[in-house]
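Structure, as structure tokens:
The values are calculated or read from the model by the stated rules, or taken from the named source; none is laboratory data. Please read all numbers here as calculations on a predicted model, not as lab measurements. Positions of Cβ are backbone-derived with ideal geometry, glycine not excepted, and every protein chain shown enters the neighbour counts. Each accessible area value is taken on the protein alone, full model and side chains, heavy atoms only, with ligands, DNA and RNA left out. Shrake-Rupley method; radii C 1.70, N 1.55, O 1.52, S 1.80 Å.
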Amino acid sequence: MIKTAALLFSIILFHTGMVEAHGPTRQKVIVKEQISASPQAVWDVVKDFHDMSWHPAVIKTEGDGGNSNGAKRVLMLPNDGKIHEILEKYDSEKHSFFYRIEKVDVKVLPVTNYSSWFNIAPADDGGSIVTWKGAFYRGFPNNEPPPELSDQAAVDAVTGVYKSGLSNLKKLLEKGS
Amino acid sequence: MQNEIQIQLNHSTRYGILFLALIALLISTPGSAAQYAFITNQGDDSVSVINLKESRLTATLQVGSKPAGVAVSNNGKRIYVTNPESREVYLLDGIKLKTITHSQVGQGPLGIAVTPDGSRVYLADWYEDLVYVLDPEDLSILAKIPVGESPSGLEVNLDGERLYVAERDDNTVSVIDTHLNQVVKRIEVGKRPFGIRMDSRGKRLYVANVASNDLSVIDLDKLKVISTIPVGSTPYGIAVTPNSQRVFVTNQHDNSVSVIDANKLREIRRLKVGEFPEGIIADPTDGRIYIANWFTNELVVLDTEKLEIINRIPTGESPRAFGVFIAGGH
């Protein structure tokens, strides 16, 4: 009974985005993509925190604050999915930024306490190596998670987001070359 | 040793004072440098044993599932490791470097600490909001102490009479009387306190507040917060130098360590150390700090005088090293 109440309470908190409780094990995902375009060319596509149109899952990006620390954006996804994100660090010289998710329904992305780095480094051949990294906990903060909110589900979902995003970025930059 | 001094005193009492002074010096000298670091690797269910003198990985011990918390006894002979996923505690032999026993405890064992004399082990259960008191040799449960929500970091004071518990989701630190096995005082700190560490004199407790990006400083005589010091983003672990003059805090989202002057109670330097630094501890003798970088799977060795990184030693996957991971460290 207490467990059920605690579970209900945590679900309610989730939906108001208030909860910071999390599962026992933080997960990490690293996806790299080699792109035949200069770091500056890649950066020019991704550098506006309020334009994530390069990612195939993002329909629209809304928000304000430019590219300064603390800028906020909302990623609009299919089926009314939304991800609220905040920019924590931005370095245009190093072609790098760090952001975290402020609020997301675990039905949209099954993670909590998510933070992420996006970085572009020069490759030996004049092209770029783009690295997208995430640190997060699974969507279910307690023991015995349902399969759709397990550690594996969280890793799979984030890996999918990174892979589809980076392969589309590669396509955009390499087309016509 | 004592016989020797006795003989000397009998020989000539005028050397008595000199020898007493020598004894005082010997007693006040901190213990020897730690031999090994025991790093819990949450990503591959193992503990990396790192030889600190040779700066290399000596052994990898398989433990339960997703190990996080660690406590090394003062004499270095007993190592306790929590496995929140498999809900087990492992007891390792710190000399033979092998598992002695393991036991199922609670629903989410996380923080762990051992008393200075090694007579009791305390374990924080993240889900049950309990502190378990365990037998240090067979890990049997001796008592359960109800505490605040999501207990995490634990520290025992120098005489073993007090246990301090960070209660992450209550924004408090509880003080437990270890004879009564109950909370006798609750202290409000910053937001989401997780890692805590006492200085080597037992005078202060430092508390890393993950969500308010600051450090609460508790005076352990008054049991009051005497200062709140802003640090980097998402502070997680704390180390205090043997002379208690410098405090180092890992800032997870800033990939840095904040260096705090313990007298001025402010940050004096910030050092980039690598990605997602987590567990951190000061060697009891040689002016070094060890830091586990969770994202890049390495143990960073930092010189506390020069404030320079002097080595990076590979660990297993996703090192946490949450707790006292070397003997006699703070």
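The figures follow:
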| read-out | value |
| --- | --- |
| q = 0.09, 0.12 Å⁻¹: log10 I(q)/I(0) that the Debye formula gives for the range B:35-324, counting C-alpha atoms only | -0.36, -0.66 |
| Estimated inter-spin distance, A:Asp44 and B:Asp138, nm [label 7 Å along Cα→Cβ] | 7.3 |
| In Å, descending, principal axis extents of the Cα set of the range B:156-237 | 37, 26, 19 |
| Largest-first ordering by accessible area, 1.4 Å probe, given options B:Ser258, B:Ser200 | B:Ser200, B:Ser258 |
| Sequence of B:Arg192, A:Arg26 when ordered by accessible area, the most exposed leading, probe 1.4 angstrom | B:Arg192, A:Arg26 |
| Cα centroid of the range B:232-253 to Cα centroid of the range B:267-330, whole Å | 10 |
| Positive-end extreme of charge dipole, the protein assembly as shown - chosen from B:Ser86, B:Leu130, A:Asn67 (charges on Cβ) | A:Asn67 |
| Two-decimal Rg to Rh for the range A:76-118 - Kirkwood Rh, Cα set | 1.06 |
| Relative packing of A:58-68, B:224-234, which averages over residues the other C-beta atoms within 10 Å, highest first | B:224-234, A:58-68 |
| Exposure of A:Trp132 as accessible area (Å², to 10), given a probe of 1.4 Å and all protein chains | 0 |
| Positive-end extreme of charge dipole, chain B - chosen from B:Leu223, B:Ser244, B:Gly160 (charges on Cβ) | B:Ser244 |
| Accessible-area value, B:Ser152, 1.4 Å probe, nucleic acids and ligands omitted, Å² | 0 |
| Distance cut-off 24 Å, percentage of C-alpha pairs in the range B:206-330 lying past it | 19 |
| Volume per residue that the Cα convex hull of the protein assembly as shown spans, once the total is divided by residue count, Å³ | 167 |
| Rounded to 5, percent antiparallel among DSSP beta bridges of chain B | 95 |
| Electrostatic dipole magnitude of the protein assembly as shown [Cβ: Lys, Arg +1; Asp, Glu -1; Cα centre; debye, to 20] | 540 |
| Förster radius 22 Å - calculated FRET efficiency between B:Leu158 and B:Ile100, Cβ distance, rounded to 0.05 | 0.25 |
| Size of charge dipole - chain B - debye, nearest 20, with Cβ of Lys, Arg +1 and Asp, Glu -1, no other charges | 780 |
| DSSP H segments from chain A that extend 18 Å or more along their own axis, Cα-based, with Kyte-Doolittle mean of -0.5 or above | A:2-16, A:151-174 |
| Extension gain, A:Lys171 back to A:Ser68 (0.36 nm per residue minus Cα-Cα distance, nm) | 34.3 nm |
| Evaluated at q = 0.09 Å⁻¹: base-10 log I(q)/I(0), Debye formula over Cα of the range A:26-174 | -0.27 |
| Within-12-Å neighbourhood charge of B:Tyr236 [Cβ basis; K, R +1; D, E -1] | +3 |
